[in-house]
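Quick notes on the structure that follows.
The values are calculated or read from the model by the stated rules, or taken from the named source; none is laboratory data. Computed from a predicted structure; not experimentally measured. Counting neighbours? That spans all protein chains shown, and the Cβs are built from the backbone with ideal geometry, glycine included. Note: accessible area is taken over every heavy atom of the protein model, side chains too, but ligands, DNA and RNA are not part of it. Shrake-Rupley method; radii C 1.70, N 1.55, O 1.52, S 1.80 Å.
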Amino acid sequence: MSPLQPRFVRLAETDRPTVTIAVDGASVEALEGDSLLVAVLTRAGHLRHSEFGPEARAGFCLMAACQDCWMWTHDGDRLRACDTPVRAGLSVLTQPPDMPWPNRV
Amino acid sequence: MAEPRVIIVGAGPAGVRAAETLVAAGLRPTVVDEGRRDGGQIYRRQPEGFARSSAELYGTEAARAEALHATFDDLRPKIDYRPGHLAWNVADGHLHVVHDGSAEALPFDAMIVAAGATDRLMPVKGWQHAGVYSLGAAQIALKSQGCAIGRRVVFLGTGPLMQLVAAQYRKAGAQVVALLDTSRLWHQIRALPKLVSRPDVLAKGVGLAASHLLAGTMVRRGVTPVEIFGDADGGVSGVGVRLVSGRDLRLACDAVALGYHLRPETQLADLAGCDFTFDAATRQFWPVIDEDGRSSVPGIYLAGDGVRIQGADGAEIAGQLAALAVLADRGRSAPTEQISRLRQQRRAMERFRAGISEAFPWPHHLAAGLAEETVVCRCEGITAGELRAVVHDKGADEMNRAKALSRVGMGRCQGRYCGHAAAEVVAAATQLSPAVVGRLRGQAPVKPLAIRTRRAAP
Ligand SMILES: Cc1cc2nc3c(=O)[nH]c(=O)nc-3n(C[C@H](O)[C@H](O)[C@H](O)COP(=O)(O)OP(=O)(O)OC[C@H]3O[C@@H](n4cnc5c(N)ncnc54)[C@H](O)[C@@H]3O)c2cc1C
Ligand code: FES
């Protein structure tokens, strides 16, 4: 599968208003009520890269237990994509922003 | 007498029924749940604005789900409900919670922990690829977000949930490539004497299994998982297993739902100092409880799937029993007839639980056969070979030492998804029983906290 190909498939509940968020600066259209994870994975193949191996990561448990789905805000705050609901204007990064150590995740 | 301060962790079936019982006795418990909405796992509520009916979401359990949600809606004004609050530590009679980055310590006289379960996992080569999800995750994607985890999904593992989720996927219009089950039909037949303790649930299970055959879905039993194929950028591309016949089967797919039944979330009980015991049948440590859910620590009660995987109906019973135990221990009058009826129902649930674990056994034997390069810890990419090396080279034959030396279990999931399997890898490498190898000790915080957590203003 190409990394650009969406991973998740919407099977129901598609009749919801859209919300625009930004991922690495690019606009992504999501639906109201989507988790950040679903918003990203219905448009792309992964959420981030593993810091311990070569592979892309796309979450694992979807129930806030594994922490595989971390994304970052521009301030360096960590978001757990599986239990963060999207809201208009949310802007996230697939890697921690470059910051001096105390602020860095 | 002053009103006892009772905290319930978890607003699933166990926690809701516990709260209802306490409210009926005139108390106002605090209910802490990390989730934004009540319902817990099985009766998880979908976000506001979603329109599917209970029948679509909960199938045969729709009436029970609605009843639980209605009970909770009624309780809301009578309890101190704290949604979005993670309970991350228990110390000195306080439950430590964090909500939106602010921390608070809640004092309690009694606490009922009803924290539910997570998937029990056995690693397989390639399970770190994007597109491999826990079986529970596959269900959550569908239930809570109306999504499938991929276009062509393979279900790999074992357990009653695997049959159910695969059926839910098929019904929702997803392509189920195959159910590859490590259990054998004779496991299920052997467990029948125990499974008949809940004939209705047994019938549903048989119906589910039959539905896959009727739909023409590929079902293979007794498989040995060999590899999840894929690459670093694109994620999963297929699954390879060895069949009973000895033949290899390779299937193309873009998603895998992986799981071997469930394991209780016991970290809070551990932090509270509860005694644990090894259960030889399921090969895991779990907290010691009496028939009402009292732990070894006075004032700490454990209920639901967070202590024994008895399922949702069992959780509702356990929640009531734990609440009645709190009341009895606090000198309130105890309705003896109700208690003995609940205990009796609970015994049937316990018998069924034991039957399920025999019917869908934890495939511990796979640990010995994991190829050296198989990732055991998904969080930090630590392999079976690296774990075995600390056993053989450094004599780490106890889990916490093996963890300290290899870092397996130290990553961000804190051993939830590798702990049981890592213990089996160490047990196989040392030829010791996992009862001797031991278990990863729970550590606070039970989940990583946001970096900017601060103390809440008093
Ligand atoms: C992903 C998943 C899917 C399942 N699906 C089914 C199904 O379809 N059918 C079925 O029969 N059984 C299913 N089960 C089994 C199911 O867990 C139980 O039958 C039932 O939900 C158990 O109820 P409970 O009240 O014990 O726990 P749960 O319903 O799991 O509720 C536990 C609650 O505790 C909260 N919690 C846990 N830890 C903390 C903490 N540290 N701080 C704050 N809150 C916390 C959680 O957010 C959760 O809401 C599923 C289990 C899982 C894990
Ligand atoms: S996917 Fe596991 S915590 Fe988000």
Self-check item: Subset tally (residues that are open to solvent by less than 20 Å² (accessible area, probe 1.4 Å) and within 30 Å of B:Tyr133 (Cα to Cα)) for the range B:287-307
Solution: 6
Quiz item: So, in the range A:3-40, of the ones that are at the interface with chain B (Cβ under 8 Å from one of its Cβ atoms) and aliphatic (A, V, I, L, M), which residue ends up surrounded by the most Cβ atoms within 10 Å (Cβ to Cβ)?
Solution: A:Val38
Quiz prompt | Number of the exception - B:Tyr133 against (1) more than 9 Å from every other protein chain (Cβ to nearest Cβ); (2) among the aromatic types (Phe, Trp, Tyr); (3) open to solvent by less than 20 Å² (accessible area, probe 1.4 Å) | solution = (1)
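Report yes if B:Gly442 is touching a Leu at 6+ places or on another chain (Cβ under 8 Å) and either surrounded by 23 or more Cβ atoms within 10 Å (Cβ to Cβ) or of a type in the set (A, V, I, L, M, F, W, C) (or both), otherwise no.
Working: touching a Leu at 6+ places or on another chain (Cβ under 8 Å): yes; either surrounded by 23 or more Cβ atoms within 10 Å (Cβ to Cβ) or of a type in the set (A, V, I, L, M, F, W, C) (or both): no.
Against the criterion (touching a Leu at 6+ places or on another chain (Cβ under 8 Å) and either surrounded by 23 or more Cβ atoms within 10 Å (Cβ to Cβ) or of a type in the set (A, V, I, L, M, F, W, C) (or both)), B:Gly442 does not qualify.
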Exercise. Show the residue pairs that are 6+ apart or on different chains and have beta-carbon atoms under 6 Å apart, the first residue being within the range A:64-78 and hydroxyl-bearing (Ser, Thr, Tyr), the second being more than 16 Å from ligand 1 (Cβ to nearest atom).
Key: none
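What residue, among those in the range A:67-84 that are touching a Leu at 6+ places or on another chain (Cβ under 6 Å) and more than 7 Å from ligand 2 (Cβ to nearest atom), is farthest from the other protein chains (Cβ to nearest Cβ)? Before you say what the answer is, go through the steps one by one.
Just the residues of the range A:67-84 that are touching a Leu at 6+ places or on another chain (Cβ under 6 Å), to begin with: A:69, A:71-72, A:81-82, A:84.
Subset that is more than 7 Å from ligand 2 (Cβ to nearest atom): A:71-72, A:84.
Values: A:Met71: 13, A:Trp72: 11, A:Thr84: 10 Å.
The selected residue is A:Met71.
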Quiz item: Among the residues of the range B:58-100, which ones are touching a helix residue (DSSP H, G or I) at 6+ places or on another chain (Cβ under 8 Å) and among the acidic types (Asp, Glu)?
Solution: B:Glu61, B:Glu66
Quiz item: Residue check, B:Ala141 against (1) away from every other protein chain (no Cβ under 14 Å); (2) open to solvent by less than 40 Å² (accessible area, probe 1.4 Å), all met but one. Which one?
Solution: (1)
Quiz item: Is there a residue in the range B:32-43 that is more than 10 Å from ligand 1 (Cβ to nearest atom) and in the same structural domain as B:Gln310 (by TED's automatic domain parsing)?
Solution: no
Quiz item: Looking at the range A:44-62, is at least one residue touching a Gly at 6+ places or on another chain (Cβ under 9 Å) and within 16 Å of ligand 1 (Cβ to nearest atom)?
Solution: yes
Quiz prompt | Any chance B:Ala65 is free of Cβ contacts under 8 Å to residues at least 24 places away in the same chain and either open to solvent by 40 Å² or more (accessible area, probe 1.4 Å) or more than 30 Å from B:Val297 (Cα to Cα) (or both) | solution = no
Self-check item: Criterion violated by B:Gly146 - all others in (1) facing chain A (nearest Cβ under 9 Å); (2) open to solvent by 10 Å² or more (accessible area, probe 1.4 Å); (3) on the phi > 0 side of the Ramachandran plot satisfied
Solution: (2)
Quiz prompt | Tally of residues being within 15 Å of ligand 2 (Cβ to nearest atom), at pLDDT 95 or above and part of a strand (DSSP E or B) across the range A:15-56 | solution = 1
Quiz prompt | Answer residue from the range A:76-91, given it is assigned to a loop (DSSP other than H, G, I, E, B) and in contact with a helix residue (DSSP H, G or I) (Cβ under 8 Å, 6 or more places away or on another chain) and is nearest to ligand 1 (Cβ to nearest atom) among those | solution = A:Thr84
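If a residue counts only when it is touching an Asp or Glu at 6+ places or on another chain (Cβ under 9 Å), which helices (runs of 4 or more DSSP H) contained entirely in the range B:378-458 have at least 3 such residues? Break it down into steps so the answer makes sense when it comes.
Values: elements: B:384-394, B:399-406, B:419-430, B:434-437.
Those helices (runs of 4 or more DSSP H) span B:384-394, B:419-430, B:434-437.
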Quiz prompt | Matching residues, the range B:242-262, being in a strand (DSSP E or B), open to solvent by 20 Å² or more (accessible area, probe 1.4 Å) and either in contact with a Phe, Trp or Tyr (Cβ under 7 Å, 6 or more places away or on another chain) or within 11 Å of ligand 1 (Cβ to nearest atom) (or both) | solution = B:Leu262
Quiz item: Name the pairs: first residue in the range B:221-238 and among the polar types (S, T, N, Q), second residue modelled with pLDDT under 95 and surrounded by fewer than 17 Cβ atoms within 10 Å (Cβ to Cβ), Cβ to Cβ under 8 Å, at least 6 apart or on different chains?
Solution: B:Ser237/B:Asp231
Quiz item: Filtering the range B:35-46 down to residues that are touching a strand residue (DSSP E or B) at 6+ places or on another chain (Cβ under 8 Å) and either over 25 Å from B:Ile8 (Cα atoms) or within 16 Å of ligand 2 (Cβ to nearest atom) (or both), which residue is least open to solvent (accessible area, probe 1.4 Å)?
Solution: B:Gly35
Practice problem: Give the residues of the range B:195-234 that are outside any helix (DSSP H, G or I) and touching a Pro at 6+ places or on another chain (Cβ under 8 Å), sorted by residue number. | Solution: B:Ala232, B:Asp233, B:Gly234
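Answer yes or no: is there a residue in the range B:167-186 that is within 11 Å of ligand 1 (Cβ to nearest atom), within 9 Å of chain A (Cβ to nearest Cβ), touching a residue at least 24 places away in the same chain (Cβ under 8 Å) and out of contact with any Asp or Glu (no Cβ under 6 Å at 6 or more places or on another chain). Steps first, answer last, please.
Quick first cut of the range B:167-186, residues within 11 Å of ligand 1 (Cβ to nearest atom) only: B:167-168.
In the following step, the residues that additionally are within 9 Å of chain A (Cβ to nearest Cβ) were identified as none.
Checking the range B:167-186: not a single residue is within 11 Å of ligand 1 (Cβ to nearest atom), within 9 Å of chain A (Cβ to nearest Cβ), touching a residue at least 24 places away in the same chain (Cβ under 8 Å) and out of contact with any Asp or Glu (no Cβ under 6 Å at 6 or more places or on another chain).
Would you mind finding the one in B:Glu56, B:Glu104 that is assigned to a helix (DSSP H, G or I) and more than 16 Å from ligand 2 (Cβ to nearest atom)?
Values: B:Glu104 fails: assigned to a helix (DSSP H, G or I).
Only one candidate qualifies: B:Glu56.
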Quiz item: What about B:Phe72, is it within 14 Å of another protein chain (Cβ to nearest Cβ) and open to solvent by less than 60 Å² (accessible area, probe 1.4 Å)?
Solution: no
Quiz item: Which of (1) under 30 Å from B:Leu164 (Cβ atoms); (2) assigned to a strand (DSSP E or B); (3) more than 20 Å from the chain's Cα centre (by Cα) does B:Val32 not meet, given it meets every other one?
Solution: (3)
Practice problem: For the range A:47-65, name all the residues that are facing chain B (nearest Cβ under 7 Å), in contact with a Ser or Thr (Cβ under 8 Å, 6 or more places away or on another chain) and within 27 Å of B:Gly84 (Cβ to Cβ). | Solution: A:Arg57, A:Phe60, A:Cys61, A:Leu62, A:Met63, A:Ala65
